[in-house]
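Quick notes on the structure that follows.
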Amino acid sequence: MVGIYHPTDKAYNGVRANVRFTNGVAECDIPSVIAWFEKKGFKIEEEKPKAAARSKAKETGSE
C-alpha cells in the first residue's frame with residue numbers, strides 16, 4: 001500500500017480515479033493507478049507494513 005498526496009490541496013476531500021482522498025491523502029495498492037497519480041504530479045510514498053513497524057518497535061523497546 002502506498003500513500004498518495006494531493007500536490008496542491010492538502011485539505012482535498014473527494015474521489016479521483018476511483019481513489020478516495022481525505023485531507024489531501026489517499027491510499028492505494030493498484031500499480032496502474034499509482035503510476036497515473038505519479039504522472040499527474042502527486043507525491044507517492046511507500047508505507048511500511050504495520051506488522052513490521054510493530055516488530056521493530058518491540059526490538060528497540062519503543063512500543
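The values are calculated or read from the model by the stated rules, or taken from the named source; none is laboratory data. Quick caveat, the model's predicted, so the values are computed rather than measured. Positions of Cβ are backbone-derived with ideal geometry, glycine not excepted, and every protein chain shown enters the neighbour counts. Heavy atoms of the whole protein, side chains included, go into the accessibility calculation; ligands, DNA and RNA do not. Shrake-Rupley method; radii C 1.70, N 1.55, O 1.52, S 1.80 Å.
Here are a few things to note about the model shown:
- Exposure rank, largest accessible area first [46, 27; 1.4 Å]: 46, 27
- With each label modelled as a point 7 angstrom along the Cα→C-beta vector, the residue 9-residue 38 pair spans 2.5 nm.
- For residue 12, residues with placed amide H under 5 Å, excluding near neighbours: 24
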